[in-house]
1. Kindly provide the helix-only [θ] at 222 nm of the chain, computed as the sum of -39,500 (n - 2.57) over DSSP H runs of four or more divided by all residues, to the nearest 500 deg cm²/dmol?
2. Once mean projected area of the Cα convex hull in nm² is worked out from the coordinates, which option in [x] 8.1; [y] 8.6; [z] 7.0 does it equal?
3. At what distance in nm do the modelled label points of residue 22 and residue 9 sit from each other, each positioned 7 Å from its Cα along Cα→Cβ?
4. Highest GNM mean-square fluctuation, the chain, Cα pairs closer than 10 Å: which of 49, 72, 61?
5. Could you grab the relative contact order for region 2-86? Cα pairs under 8 Å, six or more apart, rounded to a whole percent.
6. Multiply the residue gap between residue 85 and residue 60 by 0.36 nm, knock off their C-alpha separation, and tell me the result in nm, one decimal place.
7. Test of understanding: ordering 46, 25 by Cβ neighbours within 10 Å, fewest first, what list do you get?
């Protein structure tokens, strides 16, 4: 819970993924969700209007790059996470 807001959490939007031999490289954006509203950041609480969401996701520089490696026993495991440049 975040200061008077109802249930709140970060949700990920996957923008792309690419097979890299023994796993995948995934590019995604985290957006903050609270009380049915999406925000660009939990600190500034700038609401993302629904009709601007796709444009926000495609143009924001706050992209995370996550590398998943193939597990020899099946599935994938989290290998690396490159944070957005600040």
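Every read-out reported here was derived from the displayed coordinates using simple, explicitly stated rules and does not represent laboratory data. What you see is a predicted model; the values in this text were computed from it and never measured. As a convention, Cβ positions derive from the backbone with ideal geometry for all residues, glycine included, and neighbour counts pool all protein chains shown.
1. Numbers: 1 runs with 7 residues, N = 86.
Using -39500 (n - 2.57) per qualifying helix, the result is -2000 deg cm²/dmol.
2. Among [x] 8.1; [y] 8.6; [z] 7.0, the one calculated here is [z].
3. Output for this residue pair reads 3.2 nm.
4. Sorting by GNM fluctuation, first place goes to 72.
5. Working: 142 pairs, mean separation 20.9, N = 85.
After rounding, I find 25 percent.
6. Answer, rounded to one decimal: 7.9 nm.
7. On the way: 46 10, 25 16.
Ranking 46, 25 by Cβ neighbours within 10 Å, fewest first, gives 46, 25.
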